[in-house]
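Worksheet for the structure shown next.
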Amino acid sequence: MKFIQYYLDCLSHASYLIGDESTGRAVVVDPQRDVSEYLADAEKLGLHIELVIETHFHADFLSGHLELAEAAGATIVYSSVASPEFDFMGVEDGQRYSLGEVTLEFRHTPGHTPESMSIVVYEHADDTEPYGVLTGDTLFIGDVGRPDLLASIGFTRDELADKLYHSLHEKLMTLPDSTRVFPAHGAGSACGKNLSTERSSTMGDQKLSNYALRAPDKKSFIELVTEGQPPAPGYFVYNAILNRKDRALLDEDAMPSALDYRQMTEAVNAGAMLVDGRGPEEFALGHLRNAINIGLDGRYAEFAGSVIKPDVDIVLITDTGQELEGKNRLARIGFDRVVGYLDAPERAMFEHRDQVQVASRLTAQAFTERAGEVHDLQIVDVRNPGETEAGMVPGAVNIPVGQLPDRIAELDPNRPTVVYCAGGYRSSVAASLLRQRGFSDVSDILGGYNAWADSAQIA
């Protein structure tokens, strides 16, 4: 058996290639949208990808099932209770599929979504104990899939939490303790609240350490898994719906169009968002007016999907050579309306210096001094609610960055404003969004809450 786990840090997303060397047959599970790596590895290993298997309709990324089916001639597989708008093979609960020696068993595990399923992997057809189980978003390392993401489109969180409890106890926890657990996400994903940085575990370890599996009864389980979930980024519902549809395919090698300053300005005046993918420090030193700072070195697609609507055109600003990366990373969440990138941005800013702004970034000490001097200072904490439990800056209002576009009316654009997060990435996103929306005096805190808390202890 060939078994490869792929991990995409910027989306905390795991996908898998499983192949049988004796027959050269293989499957890919939960692929990202740009699929060249799976194809290259399959070719190198002498494998043919015949199935692309989805554990469920993902909400946090746009899956590459259509791209991979087209490129490899593979059949798309979902649970038999799924109803996508394209051709697929539905598999029943308990159904097995042989690749030769390697055998897959599909188990329906609804809860995170109604059509969720897990895939038990046997290295040899006659093995009594499985090699592992691919749990999708049903079971994570240290957590379980949140049951509230479909609440807005027809399912209550308690209904799905009830299904999730039975799926875990009747379909997954019945597997031998030695069974390796391979989830679809790790720490940082908004699909759960307590995901581990570990990328695999065993069923036995999860029974001992996973808070949700240790719940004494179903009522306690439902209460545990439904409370304290982070806000879902705005693009989640869009992706959950788009993953059901027959849509346009991504050409991951196609460069976005190069735009000169005039063309960029015309696009922005027509409603396009200008997304600056440089780091917060470089952005602060000088950027074009109305640009939103979402650094490519961070969770770029996730926060783009949190503050930009999917029906808006996008113009990219990146360091030279990162234009294609910027386009493809947005495509991973279905944001395909990249109309181009600003060619030679440094020259454009030099030639149009009247359109260049600097961003105010305060050290923790400078913020403390400013808070003491400005009586009507507006302080905005853009962390998630779970993060604020450990403390907040006095007087701050908590608006998670993903909720800021819809809650911006709660803030006064005429008041001096300071934004902070945990470390400084999200606060730069939020502060740039506020400036783009007309807030004239906005700063963020270098090092975020952590730096402020450290300075407060020293003081």
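The values are calculated or read from the model by the stated rules, or taken from the named source; none is laboratory data. Everything numeric here is computed off the predicted structure, so don't read it as measured data. Cβ: placed from backbone, ideal geometry, glycine included. Neighbour counts: every protein chain shown. The area values use the complete protein model at the heavy-atom level, side chains included, leaving out ligands, DNA and RNA. Shrake-Rupley method; radii C 1.70, N 1.55, O 1.52, S 1.80 Å.
Which ranges mark the helices (runs of 4 or more DSSP H) fully within the range 217-274 that have 3 or more residues being open to solvent by 30 Å² or more (accessible area, probe 1.4 Å) and in contact (Cβ under 8 Å) with a residue 40 or more places away in the chain? Quick ask: steps written out before the conclusion?
Numbers: elements: 218-226, 236-242, 261-269.
Counting at least 3 such residues, we get 236-242, 261-269.
So which residues in the range 13-31 are part of a loop (DSSP other than H, G, I, E, B) and either surrounded by 23 or more Cβ atoms within 10 Å (Cβ to Cβ) or at pLDDT below 95 (or both)? First the steps, then the outcome.
Of the residues in the range 13-31, the ones part of a loop (DSSP other than H, G, I, E, B) are 21-24, 30-31.
Result: ASP30, PRO31.
For the range 32-57: of the residues being assigned to a loop (DSSP other than H, G, I, E, B) and of a type in the set (D, E, K, R), which is farthest from the chain's Cα centre (by Cα)?
Among those residues, the one meeting the criterion is GLU54.
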Can we say GLY402 is of a type outside the set (D, E, K, R), more than 24 Å from THR363 (Cβ to Cβ) and crowded, with 21+ Cβ neighbours inside 10 Å?
yes
For the range 196-203, check the following and say yes or no: at least one residue is within 17 Å of the chain's Cα centre (by Cα), open to solvent by 20 Å² or more (accessible area, probe 1.4 Å), of a type in the set (Ser, Thr, Tyr) and over 23 Å from VAL429 (Cα atoms).
yes
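Name the strands (runs of 3 or more DSSP E) wholly within the range 83-126 that hold at least 2 residues that are more than 18 Å from LEU160 (Cα to Cα) and open to solvent by 30 Å² or more (accessible area, probe 1.4 Å)?
89-91, 96-98
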Is the range 320-333 home to any residue that is modelled with pLDDT of 95 or more, farther than 22 Å from LEU8 by Cα and not polar (S, T, N, Q)?
no
For the list (1) open to solvent by 10 Å² or more (accessible area, probe 1.4 Å); (2) touching a residue at least 60 places away in the same chain (Cβ under 8 Å); (3) touching a His at 6+ places or on another chain (Cβ under 8 Å), I need the number of the one condition that GLN5 fails.
(3)
Between residues in the range 188-208 that are of a type in the set (Lys, Arg) and residues that are part of a helix (DSSP H, G or I) and buried (at least 21 other Cβ atoms within 10 Å of the Cβ), which pairs lie under 9 Å by C-beta distance while being six or more apart or on different chains?
LYS193/VAL225
